[in-house]
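The structure appears below as structure tokens.
Here, each number is a calculation from the coordinates, and none is a lab measurement. If you're wondering where the values come from, they're calculated on a predicted model, not measured in any experiment. Cβ coordinates were reconstructed from backbone atoms using ideal geometry, including for glycine residues, and neighbour counts include every protein chain displayed.
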Amino acid sequence: MKNIINKTKFRLIIIITSISLSVFTYGQSENHLKRAISAMETGLFEESLKQLNYALNDDPKNAQVHKLRALLFEALGKKEKAIKAWNDCMRYSKNKSMIQEAKIHLNHLNGI
């Protein structure tokens, strides 16, 4: 059990670092992303997801926000939601490396 908790903490630290390095300006979405990062850093993961959902309401085709949601769902063990978010990330991304990253995560989540 302790090993599972440590792995989850490690994943969340990686996600927080990834998000902190990925902040970008998309109008109102930027405020929601900053709030999402702040919530994540204090352990308020559901609030972080809420803020990322607000960012998607502002820009539903924002692949980066879908990626961040997928990483957070994955770290929280919400497999089905992570799969959907990764698929949305691939659908809206024009970035080949982001699409490749999504495929790797999807293969892992699907046990391939």
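Residue-by-condition table, conditions (1) surrounded by fewer than 17 Cβ atoms within 10 Å (Cβ to Cβ); (2) within 21 Å of Met98 (Cβ to Cβ):
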position: Ser38; (1), (2): yes, no
position: Thr42; (1), (2): yes, no
position: Glu47; (1), (2): yes, no
position: Asn53; (1), (2): yes, yes
position: Leu56; (1), (2): no, yes
position: Ala70; (1), (2): no, yes
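A single entry from Ser38, Ser48 fulfils the requirement of being of a type in the set (Gly, Ala, Ser) and over 20 Å from Trp86 (Cβ atoms): Ser38.
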